[in-house]
Amino acid sequence: MNFKNSTSQTQHEKEIDISTNSGLPPKVAALSPTEWLKANLFSNAFNSVLTVVSTAAILLIIRGLLSFIFNPLRQWSATATNMRLLMTQAYPEHQYARIWVSLGFLLFLTGISLAFWRAGRSVQLSQVGKRLLAIGAFILLATLLAPFSIRATIIWLIVGAFIVGIGLLLNPLHEDKAISSLTLLSGVFLLAILSLWVVPYGHHSYLSTRTPKILAEPGTVAMTTKLPWTIMFVVAVSSYFLGTFIREKIDETRSKAALSVSWLISPLFLLFLVLRDPDFDTGHLFSTDIPIFLFFSIVGSVLLLWLTKPDIGEKGRVISAAILFIGFATFLFQMLMIVRILTLVLAFFALAAPTFSGQKPARIRYTKVWIASLVILCWLITAINTPSTAKVPGDFFIGGFAITLMIFFFTMVLAFPLGVLLALARTSKFPIFRMISTTFIEFIRGVPLITILIFFSVMVPLFLPDGMDLTEIAAVTIAFIIFEAAYLAENVRGGLQSVTRGQHEAAEAVGMTNSQKTFFIVLPQALRVAIPPMVGQIIATFKETGLLAIIGIFDFLYIARSVIPGQTQYMGSTRENLLFVSLVYLVICFSMSKASQRVEKRVGLGER
Amino acid sequence: MSENETKSSIREDRDLANAQDIIVCEGVSKWFGDFQALNNVTATIKEQEVVVVLGPSGSGKSTWIRCINRLEQHQEGRIMVDGVELSNDLRNIEKVRSEVGMVFQMFNLFPHLTVRDNISLAPIWVRKKPRAEAEEQASSLLERVGIPEQADKFPGQLSGGQQQRVAIARALAMEPKIMLFDEPTSALDPEMIKEVLDVMKELALSGMTMMVVTHEMGFAKEVADKIMFMEGGQIVETGTPEHFFTNPTEERTKLFLSQIL
């Protein structure tokens, strides 16, 4: 550039400069580290004192925690050896492949879903470098604080320095250099899994022979841990690539719908068919279960095809009401529970028929939904009623973290529709619905959860009529469902109130019936608004499953708190186990809350 | 151009004197608490007629128009729409509402649905049309209101004028016999008012029965067959635009006109 020679050129260049800059905000110069410290931590005397005091407090806490964790007296082998007990309680060892198959299937679904929903965002490598710098620096600091032996100190210092080194390498990279957050995540998992094969974490195993024997030897972790986890990793990664491969080839909206349904159904399928391994009785199956299914599918389909005719009018409502009445009446007579349940479900489908009525394709679609729900219901009820082949002490075939997850899943899946119904009833025009729902919600919200749990686990089984019995797990799950439904209902009601009067009027003005208005216009908007409080509620529910320990169900917390410290070798290991349990809860709740933030962004909350 | 001519010829071919009454109100009264919003309103509107309702704010114009598809319930008198009396019997309401299109001041589009779904939702679920047919109709209606390229956008991405035109298309998708407009341009920026009024004019030319509450005097002068002036919940004066704007009989009408013109 020789702008000294020609002024006109200078002016010309200036103009270009202005025109290119005009669309962008002016750049703010980055603060130097000293300036940053001054502006953010030592801006005045009071803040300086606060900074010094809180830094000291944080350092003390870290030192205390580290000296607890790395104290040679800690029995971390108690947690490591009993990992299987913590996760699944006494699930039979020779059937353990079922657990891995189930987990593998869920990871498979996860991989495919991540691909279809195009999850993950691009992360600048320089940002990753900054993170690594911070992590490495923290490790260095913590190592110097912790009361390690000299050897351990040196190892940790090397680790910290290594991470800082990588951070320093990545940090100055240009902001164009970016990788997907998924690549980053799978890289981290890959490192963790490789370390299972290399790093001598210690070989812990619990041999459940006639006299249980606990082994804790030095070396890498047991083959029964590292091999399955490696396979799980491969499954997850390869299903992601499978997903990216097939998503181009098939209709995306449809496959997304299919994936969502599989997410709802597969836990049931895995739990009751894979894990529980029911011992189906072929005779009973062909003499009772299949005939019942066929009867309901044929009669129901014919009925629903007729009821969804656009011009059915009042006749349809009368008939639906009659079926509902019959459904309730079946409880007065001795008969199979499955018949009662199916009659009630059919009645609800019949009542909803006018809302979804239409031309032939719409009617056939509605009938298909009915048959699909029937298949799932019949199969589920049959599976639950069939004895399990998994021989396990105690009255349920699985425990530990698995039962925590299971009860959480059932609670969420069933409490959500119940909560929506309660919220709709509470805002309904009919005083009787409003009254029932309000009383229910206020009653449940006025009673501590633990009271409801104890009531259901102890009292409710006594109140049941003859011939009906409820396992403790089922009773407790119902307790959770009604409790969470009451709270969810209030969240949904908040959402319902946020839908403006204009929306109601617009829906009414085009002639929609009340249920069409609710289903197509009001609920979709209300639920979107209710996402943040509902996620909060879901996280709270997950943590509340810890209360299961108090009523003596062998959940995650109970095993950590009472079962493991009861083993002769590991008496007094409660604190270690509790710390581990808190870590697991923390990781899961934190990721749920992060995921919900992404979902909020996706549905455009606060934008549209 | 030729299209417009055929349409205006529809309008000129009308025989309003012999047309059937499609909306009949007899002695309609309504109170909000102690406040009387409508006081003994009696009027008839004939098929294919365009009626503009004028009046100062709070005069009951909106309340009246909202009574006609029963978004508000009148407490005294009778309202007959296309031969059906509006009463507490719920079965009539949905039938009447699907015959009467309504356009609101605040558009009230469904924000969670695309423009196309906004228009085709009611035909599919209320009129029970096959989806493909309803979506095709949505496209042709969007063409008619001049925004065919916006079909896949969400309402929040459109300008006010475009939203109001979508709202008109949504009402038209039900193939109504009557269109009610409740101050359709009051929430719009001035530069967008014309695009909405143009659509309404085109609709009037095509022979639609329309009842319009508005403050757009130009529109009233140009398009209306009949102007009704309301104040204090009553219809004070009814007449043709010429009569109304040049030679009103009532003092209150003169006062109103002197304030706005």
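The values are calculated or read from the model by the stated rules, or taken from the named source; none is laboratory data. Just so it is clear, the structure is predicted and the values come from calculations on it, not from any experiment. In this analysis, Cβ positions are derived from the backbone assuming ideal geometry, glycine residues included, and neighbour counts consider all displayed protein chains.
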Residues that are among the aliphatic types (A, V, I, L, M) and at the interface with chain A (Cβ under 8 Å from one of its Cβ atoms), drawn from region B:97-112: B:VAL100, B:MET102, B:MET106, B:LEU109
Neighbours by Cβ (under 8 Å, 6+ apart or cross-chain): first from region A:150-174, under 20 Å from A:LEU125 (Cβ atoms); second among the basic types (Lys, Arg): A:GLY167/A:LYS130; A:GLY167/A:ARG131; A:ASN171/A:LYS130
Selection count where residues are buried (at least 21 other Cβ atoms within 10 Å of the Cβ) and modelled with pLDDT under 90, scope region A:535-553: 1
Where B:SER62 falls short, out of the listed (1) facing another protein chain (nearest Cβ under 9 Å); (2) closer than 27 Å to B:GLU231 by Cβ: (1)
Sole residue being surrounded by 14 or more Cβ atoms within 10 Å (Cβ to Cβ), within 24 Å of the chain's Cα centre (by Cα), more than 24 Å from A:PHE409 (Cβ to Cβ) and not acidic (Asp, Glu), chosen from A:LEU259, A:LEU242: A:LEU242
Scope region B:215-261; condition outside any helix (DSSP H, G or I) and either without any contact (Cβ under 8 Å) to a residue 12 or more places away in the chain or over 22 Å from the mean Cα position of the chain (by Cα) (or both); matching residues: B:ASN247, B:PRO248, B:THR249, B:GLU250, B:LEU261
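For (1) away from every other protein chain (no Cβ under 14 Å); (2) surrounded by 14 or more Cβ atoms within 10 Å (Cβ to Cβ); (3) in contact with an Asp or Glu (Cβ under 6 Å, 6 or more places away or on another chain), each residue gets a yes or a no:
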position: A:LEU294; (1), (2), (3): yes, no, no
position: A:SER301; (1), (2), (3): yes, yes, no
position: A:LEU307; (1), (2), (3): no, yes, no
position: A:ARG317; (1), (2), (3): no, yes, no
position: A:LEU346; (1), (2), (3): yes, yes, no
So A:ALA530, is it touching a helix residue (DSSP H, G or I) at 6+ places or on another chain (Cβ under 6 Å), within 10 Å of chain B (Cβ to nearest Cβ) and touching a residue at least 12 places away in the same chain (Cβ under 8 Å): no
Unique match (being within 14 Å of A:LEU109 (Cα to Cα) and not hydrophobic (A, V, I, L, M, F, W, C)) among A:THR220, A:THR244: A:THR244
Boolean, B:VAL84 is in contact with a Lys or Arg (Cβ under 6 Å, 6 or more places away or on another chain), more than 9 Å from every other protein chain (Cβ to nearest Cβ) and β-branched (Val, Ile, Thr): no
Criterion violated by A:ILE214 - all others in (1) part of a loop (DSSP other than H, G, I, E, B); (2) over 30 Å from A:ALA137 (Cα atoms); (3) at pLDDT below 80 satisfied: (1)
Hits in region A:96-130 (condition: more than 17 Å from the chain's Cα centre (by Cα) and buried (at least 16 other Cβ atoms within 10 Å of the Cβ)): A:ARG98, A:ILE99, A:TRP100, A:ALA115, A:PHE116, A:GLY120, A:VAL123, A:GLN124, A:LEU125, A:SER126, A:VAL128, A:GLY129
Single residue of A:ALA353, A:ALA423, A:ALA415, A:ALA362 found to be modelled with pLDDT under 90, assigned to a helix (DSSP H, G or I), of a type outside the set (S, T, N, Q) and surrounded by 20 or more Cβ atoms within 10 Å (Cβ to Cβ): A:ALA353
Residue check, A:SER515 hydroxyl-bearing (Ser, Thr, Tyr) and either away from every other protein chain (no Cβ under 14 Å) or part of a loop (DSSP other than H, G, I, E, B) (or both): no
